[in-house]
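Working notes for the structure below.
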Amino acid sequence: MKKWNPIIIIVICMIVIAGAAYFIRPYRTAEPGPSHPAAPVSDDAQQTTGKQVWSTSDVTSVEWDGKRLSWMLRRAGEDQEEEKGKEGAWTLNGKKVSMNQADSIMAQMNALLSRSSESSRKASSLKAEVIDSTVTLLSGPEHGDKVYQIAVEPAYPETMWIIPAGQSQVFPVPKKDILELEKNIAQFISSSPAD
């Protein structure tokens, strides 16, 4: 009988440790949503989910080609360096806009495209996605250009996915935020004076 005591003690210790590990689980991560399994965020994804996607001082144009609204914000003038600091040095669909309006548009775009989310997932996991909009940011040869597609899965129409070109992760944005941005841009377009 004495011969089995050390084995019984070891077995009991292993059961206690396994039970503690099960309930404590120090390695446990947040539960992913039921419809969108979480995926680890890669380095290229972290570039997208930082506080700012681009520096507004470097941008030469932003083009939004969408199903509901299409527009282009562009730095005006032949000499863009000379025009950078001037009031009204931007055009929206060919109409002059103030620097405040241009800054507001770019701030909204930055906020939309730089959303950090724990719900990021692999682009390959999207099912029957439909491209809703394409966003192109031109920043010149020194800074590089960026292209994003915004897609929706028919099964989840209230969530849209930001798909950065050449990256493996996609990021969710509520559809209402996209619609709000488009509404704000439409107001800028309608209030901009004609040339």
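The values are calculated or read from the model by the stated rules, or taken from the named source; none is laboratory data. Everything numeric in this text was worked out from a predicted model, so none of it was measured. Neighbour counts run over all protein chains shown; Cβ positions are idealised from the backbone, glycine included. Quick note on the areas: whole protein, heavy atoms, side chains included, nothing else; ligands and nucleic acids left out. Shrake-Rupley method; radii C 1.70, N 1.55, O 1.52, S 1.80 Å.
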Residue in region 57-83 that is least open to solvent (accessible area, probe 1.4 Å), counting only those that are at pLDDT below 90 and in a loop (DSSP other than H, G, I, E, B)
VAL59
Go over the candidates LYS122, LYS96, LYS86 one by one and state the one that is exposed (fewer than 15 other Cβ atoms within 10 Å of the Cβ), at pLDDT 85 or above and of a type outside the set (Phe, Trp, Tyr).
LYS122
Checking SER192 against (1) hydroxyl-bearing (Ser, Thr, Tyr); (2) open to solvent by less than 30 Å² (accessible area, probe 1.4 Å); (3) modelled with pLDDT of 90 or more, which single condition isn't satisfied?
(3)
Assess whether GLU180 counts as being at pLDDT below 85 and more than 15 Å from the chain's Cα centre (by Cα).
no
Can you pull out every residue in region 128-160 that is at pLDDT 90 or above and out of contact with any Ser or Thr (no Cβ under 9 Å at 6 or more places or on another chain)?
ALA128, GLU129, VAL130, ILE131, ASP132, THR134, VAL135, PRO154, PRO157, GLU158
Residues of region 132-154 being within 18 Å of LYS122 (Cα to Cα) and touching a residue at least 60 places away in the same chain (Cβ under 8 Å), in sequence order, are ILE150
